[in-house]
Amino acid sequence: QVQLVESGGGLVQAGGSLRLSCAASGRTFSSYAMGWFRQAPGKERELVAAISGRSGNIHYADSVKGRFTISRDNAKNTVYLQMNSLKPEDTAVYYCAAGRSIFLVLNGGPDYWGRGTQVTVSS
C-alpha cells in the first residue's frame, strides 16, 4: 500500500509560479512511476506529467511543455511539479499518482492516487 499526500497548491496570479510536492509512504518509492494529473470543473481528469522510477523517462502534456517540470527525489520519497508561467486555464485540482509502471500512469490507470491539491490561477 502506498499513501500519497500532495501539498503546495494555492492561489497565484497569471504568470506566477507554484511548486507542488507529493510525499509517498513506503520503502519501494523508487520502484513506482509517478504522475501528476489535474481535473478542472466540468472536465475530465488529464495527465499533466509523468516520470519513471529512476527519472529516465519523462512525459508532459503538450499544454504544459516548456512551463512545467516534474522531478523526484527517491531519497525523500517525494515527487515535485514545478509550474511556471501559470495561466488561468491551469486552474484545477492536481492529483499525484503512483503506478507499478509508467505505462499505467501514462494510460490513466495508476495503482494509487492522492487526494489532490487545489491550484487557482487568477487573470
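The values are calculated or read from the model by the stated rules, or taken from the named source; none is laboratory data. Because the structure is a prediction, the values reported are computed rather than measured. Glycine also receives a Cβ, built like all others from the backbone with ideal geometry; neighbour counts cover every protein chain displayed. Surface accessibility is based on the protein's heavy atoms, side chains included, excluding ligands, DNA and RNA. Shrake-Rupley method; radii C 1.70, N 1.55, O 1.52, S 1.80 Å.
Data table
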item: Residue in segment 64-79 that is without any contact (Cβ under 8 Å) to a residue 24 or more places away in the chain, closer than 26 Å to residue 1 by Cβ and under 11 Å from the mean Cα position of the chain (by Cα) present; result: yes
item: Index of the failed condition, residue 83 passing every other in (1) touching a residue at least 60 places away in the same chain (Cβ under 8 Å); (2) open to solvent by 20 Å² or more (accessible area, probe 1.4 Å); (3) of a type outside the set (D, E, K, R); result: (2)
item: Matching residues, segment 31-51, being farther than 14 Å from residue 95 by Cβ, open to solvent by 20 Å² or more (accessible area, probe 1.4 Å) and among the small types (Gly, Ala, Ser); result: 31, 42
item: Test: residue in segment 65-79 that is of a type in the set (Gly, Ala, Ser) and within 17 Å of residue 113 (Cβ to Cβ); result: no
item: Test: residue 19 is surrounded by 15 or more Cβ atoms within 10 Å (Cβ to Cβ), at pLDDT 95 or above and charged (D, E, K, R); result: no
item: Residue list for segment 67-82, restricted to those being in a strand (DSSP E or B) and either at pLDDT below 95 or in contact with a Gly (Cβ under 9 Å, 6 or more places away or on another chain) (or both); result: 70, 72, 79, 80, 81
item: Filter pass, residue 86 being aliphatic (A, V, I, L, M) and assigned to a loop (DSSP other than H, G, I, E, B); result: yes
item: Of the criteria (1) surrounded by 13 or more Cβ atoms within 10 Å (Cβ to Cβ); (2) in contact with a Ser or Thr (Cβ under 6 Å, 6 or more places away or on another chain); (3) not basic (Lys, Arg), which one residue 11 fails; result: (1)
item: Check on residue 28, surrounded by 15 or more Cβ atoms within 10 Å (Cβ to Cβ) and among the hydroxyl-bearing types (Ser, Thr, Tyr); result: no
item: Any pair with Cβ under 7 angstrom, 6 or more apart, that starts in segment 37-54 at a residue that is at pLDDT below 95 and in a loop (DSSP other than H, G, I, E, B) and ends at one that is polar (S, T, N, Q) and surrounded by 11 or more Cβ atoms within 10 Å (Cβ to Cβ); result: 53/30; 53/31; 54/30
